[in-house]
Amino acid sequence: MRVSLTLLVAAFFACGVAAGGRQQEAAAPPPDLSTLVRTHCVACHNDRLKTAGLSLQSLDLTNVPQDARVWEKVARKLRSGEMPPSTVRNRPDPQQAANVVTYLETTLDRAAAAHPDPGPTLVHRLNRAEYSNAIRDLLAVDIRPGDWLPVDDSGYGFDNIAAVLSTSPTLLERYMSAAHKVSRLAIGDLTLKPVEDIYDAKRDPLKGSRNEQLNGDLPFDSRAGITVKHYFPLDAEYVFKVRFAGVQADGEETETDPYQARVAVKAGLQTVGVTSPRENVKPEIEAPPAGPGGGRGAAAEIPWPVDLRLNGARLKRFDVRANPPEVTKLVVGGPYNPTGRGDTASRLAIFICSPARPSQEAACARTILTSLAHRAFRRPVDKADVEPLFAFYQTARTAADFESGIQAAIEAMLVSPEFLFRIERDPSPPKAASGAGSGLSRTTDARRITDVELASRLSFFLWSSIPDRELLDLAEHGRLRDAAVLEQQVRRMIEDPRADALVSNFAGQWLQLRNVETVKPDPVIFPFDEALRQSFSTETALFVSSIFREDRSLLDLLSADYTFINQRLAEHYGIPRVYGSHFRRVKLTGENRRGLLGQGSVLAVTSYPNRTSVVQRGKWVLENLLGTPPPPPPPDVPELKAAPHGKVLSMREQMQVHRANAVCAACHSRMDPIGFALENYDAVGRWRGEDAGAPIDASGKLPDGTEFEGPDGLSRLLLTKYRDDFVRTAIEKLLTYALGRGVEYYDYPTIRDIQRAAARDNYRVAPLILAIVKSMPFHMRRASDS
């Protein structure tokens, strides 16, 4: 849905827009442009052939901005060297091509400054992550209710794109169900019936759990187990059941769980853990002979201590007859025999007043609802916003108590379009100017957004959540548009823990790191288990977070000489003297593990279950790092063929056979050299020297003749010859994520402007984010058609 929007033009664009409205004499194109188009382009891109659906024959070379969409594409192809193709003999002189690119971009940038186009503004539904974070920050209930909603669609590589975040009757029903549950948990509804929440432990049935601490929520001398964050809605008794592999049939219900405890727990978010001591800590017990129905044999009869823990403190110790016990499920049931609602963070956030007698209840309810609606709707609220919520309060209060009335109003608030959607509205039409010199153009198509709308754009960009009180207060007092205040807020928000969402949501999708959770390498061929999967994800998350948190250069994503590993990952990489399950920063002495290209997460998501993939790895680099994805393969692409007489072929030999097909060779000429440079890594990121018994040849040669070798050579190539392409791609991805829409040709002048600004600070993250926040499309929107 497209929203019609009208606001004042930004002051710093007003003069440019007014000047752009005047008629200008058409300037003749430079000789380089006319010569290049006539000599090198029109032979293929003419009105008859229209190669790739493009004709340059009839374009007006004296008015480049008139066909900005086409000329932006031409400039990009010339700058990257993709056009004319390397197979064409009559290629333009590099300096001539550079001159044309400079002319085109300068001309287009000047026109964009005179006529700013911020792109379409759409109604933006909160996605699952934003919904969860908004609930957390509004009501202090950190239970990830977004996980109860259907998976969001993605566009342009991200799941926060407004155009694909559709709404359906099923989704609305889920929102209503979630609002009911969230409001009851936040208030602490004393009528809650006992329920059981079942948590599955991640296990490796073929390999078993490692003899080490699972995470920092469990004791240092513990092994394996499970930890979960569970929200206890009331001060009450809760039942904890622990199920083990082999002791109970995995996945089957049992009449009585032998390993359970009933414990009184205070309301709120708590950490529940199950673990056992390491093998070298376990007391030696002589195994008794197997009795009747001895289960798994004598070894299984040795009692093994297992601790049930709450926030690190032991609640109960079980003696489990398994060697060693493998947790499969943790079941938390309750509440039973509630004693009160408790002093939870959510109740402290909601009940900012407390009526001493019934006559004070209505005023207190309005105070509470006004405060909550202010933050939920992310703008100043008035009587028209609060009264509908108060009506829900009154209806529920009549049937129950004061807190039940507040719960009903909160439930209604959480299904309001004002909460679920980000909507930027037109103000009332401005009155006609009384005279000349107002600085506004009646024909302008761009309007500056309000400070309050800017606060929402900023918070959803950096936090994937609603603005906090400080940001909203500055916006409502008109101070957020001040450059110094805006910069201070951006830096404050980047340093806030909530900015972790920028790493997990933006970087996780840009680099396709979320796919680590779904990769399934063949465990018979490769040493892969759940511990290694989690290590892959943690390493890259900590690494990218360090780039953002420490305000390092974007280039460090490819060249940093450090990473974050634990013992499991260090053994996998062959890095010595790293012990324990906790992750620590380690300086890399070699070249092969530097940056993203040496990390197991990237290498695993670009491989097949049983082998590496030159194509997938090359495509990943082209698409995510250079912004030049290859075209989709034709439907009849042949499979890689085995050699005759049973000979095992290396990946390079198989790809040489594949490229013998001319149709395949056209696309593989750019992908394969990049993929071959990473062939020393197997499908799970281990370093190797041979493939199919032959030494690996990790050299590559691009169509333009550029040669490189190995991951270090590829990284150096990306940081030198293709540095600008890498930075531009990163900016495009970040701008796409920030705006919640795909970038178009009219955004390219903004991207170039951001890139120039970032270059002055060596592409450091904080100045780059600030340049995006200060950019024209982030501050403006198209005007209403009406």
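The values are calculated or read from the model by the stated rules, or taken from the named source; none is laboratory data. Note that the structure is a prediction, hence the values are computed from the model and not measured. FYI the Cβ positions are ideal-geometry reconstructions off the backbone, even for glycines, and counts take in every protein chain you see. Surface areas here come from the heavy atoms of the whole protein model, side chains and all, with no ligands, DNA or RNA. Shrake-Rupley method; radii C 1.70, N 1.55, O 1.52, S 1.80 Å.
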Check your understanding: Just one of the numbered conditions (1) buried (at least 16 other Cβ atoms within 10 Å of the Cβ); (2) modelled with pLDDT of 95 or more is not true of Lys587; which one?
Key -> (1)
Review point. Within segment 156-168, which residues are touching a helix residue (DSSP H, G or I) at 6+ places or on another chain (Cβ under 6 Å) and either open to solvent by less than 10 Å² (accessible area, probe 1.4 Å) or acidic (Asp, Glu) (or both)?
Key: Phe158
Exercise for review: Return a yes/no flag: does segment 192-204 have any residue that is at pLDDT below 95, within 24 Å of Arg514 (Cα to Cα), in a loop (DSSP other than H, G, I, E, B) and over 27 Å from the mean Cα position of the chain (by Cα).
Suggested key: yes
Point to revise | Test: Ile525 is buried (at least 22 other Cβ atoms within 10 Å of the Cβ), at negative phi, touching a residue at least 24 places away in the same chain (Cβ under 8 Å) and assigned to a loop (DSSP other than H, G, I, E, B) | key: no
**Study point:** Neighbours by Cβ (under 8 Å, 6+ apart or cross-chain): first from segment 336-357, closer than 22 Å to Ile135 by Cα; second of a type in the set (Val, Ile, Thr) and open to solvent by 30 Å² or more (accessible area, probe 1.4 Å)
**Key:** Ile352/Thr367; Cys353/Thr367
**Study point:** segment 104-151 - residue that is polar (S, T, N, Q) and open to solvent by 10 Å² or more (accessible area, probe 1.4 Å) and, of those, nearest to Ser183 (Cα to Cα)
**Key:** Asn133
Review point. Looking only at segment 522-533, which residues are closer than 22 Å to Gln509 by Cα and at pLDDT 90 or above?
Key: Leu532, Arg533
Exercise for review: May I ask you to list the residues in segment 334-350 that are assigned to a loop (DSSP other than H, G, I, E, B) and surrounded by fewer than 17 Cβ atoms within 10 Å (Cβ to Cβ)?
Suggested key: Asp343
Review point. Which residues, counting only those in segment 445-484, are on the phi > 0 side of the Ramachandran plot and open to solvent by 10 Å² or more (accessible area, probe 1.4 Å)?
Key: Gly478
Exercise for review: Under 8 Å between Cβ atoms, at least 6 apart or on separate chains: pull out the pairs that start in segment 452-468 with a residue that is β-branched (Val, Ile, Thr) and end on any residue that is not in a helix (DSSP H, G or I).
Suggested key: Val452/Arg378; Val452/Arg379; Val452/Pro380; Ile466/Arg378
Practice item. Looking at (1) under 30 Å from Ser459 (Cβ atoms); (2) surrounded by 17 or more Cβ atoms within 10 Å (Cβ to Cβ), find the lone condition where Glu517 falls short. Key: (2)
Point to revise | helices (runs of 4 or more DSSP H) wholly inside segment 1-110 that include at least 3 residues being at pLDDT below 75 | key: 11-20
Review point. For segment 676-691, how many residues are assigned to a loop (DSSP other than H, G, I, E, B) and surrounded by 15 or more Cβ atoms within 10 Å (Cβ to Cβ)?
Key: 9
Practice item. Answer yes or no: is there a residue in segment 173-195 that is touching a strand residue (DSSP E or B) at 6+ places or on another chain (Cβ under 6 Å) and among the charged types (D, E, K, R). Key: no
**Study point:** Among the candidates Gln360, Gln407, Gln394, residue that is in contact with a Gly (Cβ under 8 Å, 6 or more places away or on another chain), farther than 23 Å from Val272 by Cβ and either open to solvent by 20 Å² or more (accessible area, probe 1.4 Å) or not in a strand (DSSP E or B) (or both)
**Key:** Gln394
Point to revise | Tally, over segment 589-606, of residues that are within 15 Å of Gly574 (Cβ to Cβ) and polar (S, T, N, Q) | key: 3
